[in-house]
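Chemist: Would you mind keeping the following structure in view while I ask a few things?
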Amino acid sequence: MQNDKAIPESKEVCDKLLNKVGKPDNYYMCKAMNVYDDRYRVNVYVQESIEDLTGLRTYIKDSYFCKYNGADLTIVS
């Protein structure tokens, strides 16, 4: 059975994570999704210029699994 509900994103979790680990070079964006019980999958994207037809490459540089209780963020893995 597929879950058709959209997973809401959380800007405050991204802000807390980036304050903790810092922004990587070529930072593009961060997405934090609450997957269950205030556990978040947080993906940090970077963007690089490359020599091909597209000119840009965007990819996940780092991915974290975190717990956020509304005040404190803990990186689980």
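Chemist: Looking at the stretch 41-57, which of its residues are of a type outside the set (A, V, I, L, M, F, W, C) and under 13 Å from the mean Cα position of the chain (by Cα)?
Modeler: Correct list: R41, N43, Y45.
Chemist: Output the number of residues of the stretch 39-77 satisfying the condition of being charged (D, E, K, R) and in contact with a Lys or Arg (Cβ under 6 Å, 6 or more places away or on another chain). Don't jump to the end; show me each part of the working.
Modeler: Within the stretch 39-77, the subset charged (D, E, K, R) is 39, 41, 48, 51-52, 57, 61-62, 67, 72.
From the residues that got through so far, the ones that are in contact with a Lys or Arg (Cβ under 6 Å, 6 or more places away or on another chain) too are 39, 48, 67.
Here the count works out to 3.
Chemist: Out of L56, L73, which single residue is in contact (Cβ under 8 Å) with a residue 60 or more places away in the chain and either over 12 Å from C14 (Cβ atoms) or not charged (D, E, K, R) (or both)?
Modeler: Sole residue among the options that is in contact (Cβ under 8 Å) with a residue 60 or more places away in the chain and either over 12 Å from C14 (Cβ atoms) or not charged (D, E, K, R) (or both): L73.
Read the figures in this text as sums done on the coordinates, not as results from a lab. Here the structure is a predicted model, which means the values were calculated and not measured. Neighbour counts are summed over all protein chains in view; Cβ atoms, including those assigned to glycine, are modelled from backbone coordinates with ideal geometry.
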